[in-house]
Amino acid sequence: MTAAASLPEARLPSAESRFQYVLRLADTSLVLGQRLGEWVGHAPALEEDLALANIALDLIGQARLLLAYAGEIEVRGRDEDALAFLRDAPEFRNASLVEQPNGDFGQTIVRQCLLDAWQLGVYEALSTSSDQRLAEVAAKAVKETRYHLRFSAGWLVRLGDGTEESHARVQQALDALWRFTDELLTPDALDEEMAAAGIAPPLSALRSGWEERIGAVLQEATLKRPAASHYPWQGKRGVHTEHLGHLLAEMQHLPRTFPGATW
Amino acid sequence: MVREALAEPARARTADLREERALRVLRSVMDPEIPVLSVLDLGIVRYVRSEGGRLRVGITPTYSGCPATEVIQRSIRDALVRDGMGDVLIETVLAPPWSSDWLSEEGRRKLQAFGICPPAARGSRITCPRCGSHDAQRLSEFGSTPCKAHYRCSDCLEPFDLFKCI
């Protein structure tokens with residue numbers, strides 16, 4: 001029983017809307033967790049290997065809690081595994097940013113920092129959501145996300161304000177990934193519906209916090225903020241870049257080849 | 001608060017013998033990654049309630065993705081069933097989120113003796129579990145498990161884990 005269920009009938013968004021919204025949160029964590037998992041055994045140093053794996057674990061843990069909840073909202077008997085492993089790319093609702101390939105360590109750090117700063121704002125706001133269950137998941141996740149952002153921002157500063165080579169590489173990554181950040185902060189009809197019901201924060205309110213956090217990191221990292229640019233992808237509406245399909249092929253291969261396998 | 005009630009087990013509340021016995025069993029259920037800490041030391045047991053024929057145990061995960069959580073829940077159930085507690089229901093409690101402040105005093109002492117620096121209480125300093133020096137350097141905020149960070153002592157130069165403060 002969620003607090004959202006006790007809202008006046010007229011204001012409570014439909015189960016389908018709530019399902020789609022929870023999927024946006026869940027899939028963003030899941031896909032980024034899977035991406036970070038690709039680093040295991042390949043990071044530049046053991047400490048970074050452990051850090052990326054730890055962050056991946058937190059993200060996948062958050063995704064499990066959220067996917068389980070999405071399945072309960074949907075009431076079609078799909079559990080967290082069915083939702084993670086048996087949906088195809090167009091059914092995923094993650095932000096396009098997180099499906100972008102790891103690139104070099106610098107690119108991974110840029111992607112992580114942009115997303116961590118956003119996720120921190122989202123979870124902080126969701127911890128007072130009218131949806132009790134989301135508030136509980138967010139209150140837990142916010143503690144983890146603070147660690148994630150400290151790690152990614154710390155590295156972005158070191159790389160940006162590092163050598164000529166490291167500076168050039170992260171600036172290039174920032175220029176390439178910046179166009180995917182607009183999706184995180186520009187509301188569509190679903191975002192607005194959730195905000196009106198007090199379930200999600202209005203994205204416009206998140207923007208200033210995000211700009212402030214990222215602005216401070218970029219300044220310390222001596223990086224130039226790229227100009228805003230438009231792009232056609234809307235991962236949160238199921239319109240993905242070609243990278244997601246490849247990621248899912250790897251992530252879903254085993255459970256699809258051997259359905260219901262246990263060990 | 002349930003935790004305080006657990007520190008002074010069921011005696012402080014109604015003396016339910018079944019709950020008291022369950023708590024005694026839980027004292028010997030250890031964390032798989034830090035085998036000196038019991039689940040009670042960790043502060044993850046939120047309640048033990050005997051209701052009719054059923055025993056309900058509320059467990060709060062330390063980190064959202066901690067893979068030990070499932071193992072711990074299974075060990076708790078197994079230990080209680082082995083002790084003849086019968087119908088045991090393990091429930092996951094998300095709110096309020098777990099905090100390292102919930103680690104028991106005894107748990108902190110056990111961690112230090114095991115070679116893991118306990119989470120810093122307010123005003124306390126990081127202490128190298130090997131030589132006792134307070135001069136330590138953080139190598140990484142992430143360690144071998146989600147709950148630990150990686151440090152190195154600047155005096156004895158040995159690396160050590162610190163139980164993270166969240």
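The values are calculated or read from the model by the stated rules, or taken from the named source; none is laboratory data. The shown structure was predicted, so the numbers you read here are calculated from the model rather than taken from an experiment. Backbone-built Cβ (ideal geometry, glycine too); neighbour counts: all protein chains shown.
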Next item on the list: Give segment B:18-58 a look and list any residue that's of a type in the set (Gly, Ala, Ser) and more than 12 Å from B:Leu80 (Cα to Cα), or say none.
Entry: B:Ser38, B:Gly43, B:Ser50, B:Gly52, B:Gly53, B:Gly58
Notebook entry, point to check: Of the residues B:Leu55, B:Leu37, B:Leu17, which single one is modelled with pLDDT of 80 or more, of a type in the set (A, V, I, L, M, F, W, C) and surrounded by fewer than 15 Cβ atoms within 10 Å (Cβ to Cβ)?
Noted result: B:Leu17
Next item on the list: Spot the failing condition for B:Cys66; the list is (1) within 11 Å of the chain's Cα centre (by Cα); (2) within 14 Å of chain A (Cβ to nearest Cβ), and only one is missed.
Entry: (1)
Margin query: Can you go through A:Leu174, A:Leu184 and tell me which one is more than 12 Å from every other protein chain (Cβ to nearest Cβ), in contact (Cβ under 8 Å) with a residue 12 or more places away in the chain and more than 15 Å from the chain's Cα centre (by Cα)?
Written below: A:Leu174
Note to self: Quick check on A:Arg146: is it surrounded by fewer than 17 Cβ atoms within 10 Å (Cβ to Cβ) and part of a helix (DSSP H, G or I)?
What the structure shows: yes
Notebook entry, point to check: Do any strands (runs of 3 or more DSSP E) lying entirely in segment B:21-119 carry at least 3 residues that are assigned by TED's automatic domain parsing to the domain that holds B:Pro159, and which ones are they?
Noted result: none
Margin query: Pull out all pairs, ordered by first then second residue, where Cβ-Cβ is under 9 Å, the residues are six or more apart or on different chains, the first lies in segment A:197-215 and is free of Cβ contacts under 8 Å to residues at least 60 places away in the same chain, and the second is surrounded by fewer than 16 Cβ atoms within 10 Å (Cβ to Cβ) and in a helix (DSSP H, G or I).
Written below: A:Pro202/A:Glu192; A:Pro202/A:Ala196; A:Leu203/A:Glu192
Margin query: Please verify whether A:Leu190 is at pLDDT 95 or above, surrounded by 18 or more Cβ atoms within 10 Å (Cβ to Cβ) and assigned to a loop (DSSP other than H, G, I, E, B), treating the condition exactly as stated.
Written below: no
Margin query: Among the residues of segment B:124-141, are any of a type in the set (Gly, Ala, Ser), within 14 Å of another protein chain (Cβ to nearest Cβ) and more than 27 Å from B:Gly58 (Cα to Cα)?
Written below: yes
Notebook entry, point to check: How about segment A:125-139: which of its residues are part of a helix (DSSP H, G or I) and in contact (Cβ under 8 Å) with a residue 40 or more places away in the chain?
Noted result: A:Ala125, A:Leu126, A:Gln132, A:Arg133, A:Leu134, A:Ala135, A:Val137
Next item on the list: Go through the residues of segment A:122-134 one by one and say whether even a single one is among the hydrophobic types (A, V, I, L, M, F, W, C) and surrounded by fewer than 21 Cβ atoms within 10 Å (Cβ to Cβ).
Entry: yes
Check: For B:Glu105, which of the numbered conditions (1) exposed (fewer than 15 other Cβ atoms within 10 Å of the Cβ); (2) more than 30 Å from B:Arg56 (Cβ to Cβ) fails to hold?
Finding: (2)
Margin query: Looking at A:Gly162 and the list (1) free of Cβ contacts under 8 Å to residues at least 60 places away in the same chain; (2) outside any loop (DSSP other than H, G, I, E, B), which single condition is not satisfied?
Written below: (2)
Check: Does at least one position in segment B:93-105 carry a residue that is of a type in the set (S, T, N, Q), more than 14 Å from every other protein chain (Cβ to nearest Cβ) and more than 28 Å from A:Val137 (Cβ to Cβ)?
Finding: no
